[in-house]
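Written below as structure tokens is the structure these notes are about.
The values are calculated or read from the model by the stated rules, or taken from the named source; none is laboratory data. Note that the structure is predicted; figures quoted are calculated from it, not measured. Ideal geometry is used to build each Cβ from the backbone, glycine not excepted, and the neighbour counts take in all protein chains shown.
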Amino acid sequence: MNTLFTNTRSALYQATVVANARYRGDVLNLQAMGLTYSTLLSLVPFLAVMFSVLKAFGVQNGLEPFLAQLLQPLGDAASQVTNTIVNFVENMRVGILGALGTATLFYTVVTLVAKIEDALNQIWRLPHSRTWGQKVPAYLSVVLVGPVMVFTALTLTASAQSYWLVERLFKIGFVSYVFTLTTSVMPFILLCATFTFLYKFIPYTKVRFSSALVGGAAAGILWQLVGTAFAAFVANSARYAAVYSSFAILIIFLIWLYTGWLIFLIGGEVTYFHQHPSAFVREAMTGGRGYRFEEWLFLSVLLEITRRHFSDERPWEQTELAARFGASLGNLIDDFVKAGILLRSAEPEGIALARPPEMVTVNDVLDIVRGPAVENVEDPGPIAEILLRRDEIVHKAFEGVTLKSLVEKSQSINLNFPHSGLGAQSR
């Protein structure tokens, strides 16, 4: 029992350390502030485009209830903010804007989604975003298809109660209870589905549906919990109305908007760690700054790429390697490409060796992992001398060991990272 309690406490402590490190490292607070600002500039154009699409499918009536659900933590102010936003959207006539005005409207929408992608790409450690040629069709499909699916589900749920068959079934007590329960939890399910949809399709990488679903559920649950606490805060914040007068609603709306984006980004972190569990192990064990894990990861990735080099199979895709090792490899691959060890092949698309494997030594790889040598320190002393001696010993020990020799002797060389069990999982 004591062992279980100790392990649980240790796991919670490690999770807290990793969450704090990721919060600061990814500057989630600044990301949420930036998304809040972008939302204020793009909210009405975004909803106007959404409203026009929903109107074409006849499900535009679901927009106001959905906004009311999202703004429910604002308490009594939720209806006023919702009505104001809906009135703005309804008064905007997209048809009379002209070609330039319509293009500007869509550009504003694409810019907002681009900000969301940049935030998620930073969480996923992706060095590149979509090109503008890729952004426009990808973003518009998200903006146009996603809302139609959500609001169609809401409309069907609301209209189902008017069907004669449903009315007959309502007379059965159990069926009535189940249907009532389903309709009450449907907004929460659709909220989780919306988060899942964004985590799946917005990042510029292949996200597993299971990981997106876990992140979406986590964000949805956190949204409900924080929303309840925020509603209690608003209910007991009468003094803010006395200080800010008519601006109190705007201030509260901005605070909740910032909080909502922060919850969204936290859900993105959960999605990332679910798909790349070894990244959590690395940051939990070393605070994200240990090079021993990176040495194992770099050498293991290069070993797999070299094996493909000697086989007749196509090159590894970056997303396949990331899934195999449970780690994001964007910066890693870029470092090797800059060093001239790897290259990105276009046909077939993938990652391949830029040099013959017998020309790439283990020391070349370790030098990339460890960064600049200690000899570059301006004020060398006894500490620098010791570290230089260590580097010389390591270089001498691995002299002549190349990627080719690693492949030939991979059965006898243990490249598993100690205590993590990751090596066994990746084989």
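Could you list all residues from segment 283-315 that are modelled with pLDDT of 80 or more, not acidic (D, E) and not in a helix (DSSP H, G or I)?
Listed by number, the residues that qualify are S311, R314, P315.
State whether one or more residues within segment 20-29 are modelled with pLDDT of 70 or more and surrounded by 18 or more Cβ atoms within 10 Å (Cβ to Cβ).
So far as segment 20-29 goes, yes, one or more of its residues are modelled with pLDDT of 70 or more and surrounded by 18 or more Cβ atoms within 10 Å (Cβ to Cβ).
Of all residues in segment 67-83, which are buried (at least 21 other Cβ atoms within 10 Å of the Cβ) and touching a residue at least 40 places away in the same chain (Cβ under 8 Å)?
L71, P73, L74 - these are the residues of segment 67-83 that are buried (at least 21 other Cβ atoms within 10 Å of the Cβ) and touching a residue at least 40 places away in the same chain (Cβ under 8 Å).
In the set L297, L321, L366, which member is among the aliphatic types (A, V, I, L, M) and more than 23 Å from the chain's Cα centre (by Cα)?
Selected residue: L366, the only one of L297, L321, L366 that is among the aliphatic types (A, V, I, L, M) and more than 23 Å from the chain's Cα centre (by Cα).
Tell me the residue from G423, G381, G400 that is surrounded by 13 or more Cβ atoms within 10 Å (Cβ to Cβ) and either modelled with pLDDT of 50 or more or of a type outside the set (D, E) (or both), please.
Selected residue: G423, the only one of G423, G381, G400 that is surrounded by 13 or more Cβ atoms within 10 Å (Cβ to Cβ) and either modelled with pLDDT of 50 or more or of a type outside the set (D, E) (or both).
Surrounded by 14 or more Cβ atoms within 10 Å (Cβ to Cβ), of a type outside the set (V, I, T) and either out of contact with any Phe, Trp or Tyr (no Cβ under 6 Å at 6 or more places or on another chain) or not assigned by TED's automatic domain parsing to the domain that holds V362 (or both): is that true of L342 in this structure?
On the way: surrounded by 14 or more Cβ atoms within 10 Å (Cβ to Cβ): yes; of a type outside the set (V, I, T): yes; either out of contact with any Phe, Trp or Tyr (no Cβ under 6 Å at 6 or more places or on another chain) or not assigned by TED's automatic domain parsing to the domain that holds V362 (or both): no.
Answer is no for this residue.
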